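A.B. asks: One structure follows; several queries about it will come next.
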């Protein structure tokens, strides 16, 4: 499964990438983005099947990214430090909602 990681914090992206490489062998991370704009461009051109999405980023939110797509044709797993967005994530048809720091068992279950 081709995936993209969207998180404004490099440490967050790197940690998630390492966990995916070690515990989720069926997931191939084909790209990363650090903002809503770069994520929109990457997802539009590369069409990943799964997006690991942070909620709060400096120049927009993960929800704003999803709203930019006329048709969301990928699955979304939110990975965030903020638990109060979970209900909103459900309304955006999130597959799962993982709190940071990422628990390996939760990640494997979500994937």
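Just so it is clear, none of the values below were taken in a lab; they were calculated from the coordinates. Because the structure is a prediction, the values reported are computed rather than measured. Cβ atoms come from the backbone with ideal geometry, glycine included; neighbour counts cover every protein chain shown.
A.B. asks: Taking strands (runs of 3 or more DSSP E) that fall entirely within the chain, which contain at least 2 residues that are surrounded by 14 or more Cβ atoms within 10 Å (Cβ to Cβ) and touching a residue at least 24 places away in the same chain (Cβ under 8 Å)? Steps first, please.
C.D. replies: On the way: elements: 2-6, 28-33, 50-53, 75-80, 96-99.
Where strands (runs of 3 or more DSSP E) fall fully within the chain and carry at least 2 residues being surrounded by 14 or more Cβ atoms within 10 Å (Cβ to Cβ) and touching a residue at least 24 places away in the same chain (Cβ under 8 Å), they are 2-6, 28-33, 50-53, 75-80.
A.B. asks: Would you say residue 53 is over 12 Å from residue 5 (Cα atoms) and within 14 Å of the chain's Cα centre (by Cα)?
C.D. replies: Working: over 12 Å from residue 5 (Cα atoms): no; within 14 Å of the chain's Cα centre (by Cα): yes.
Here the answer is no, as residue 53 does not meet what is asked.
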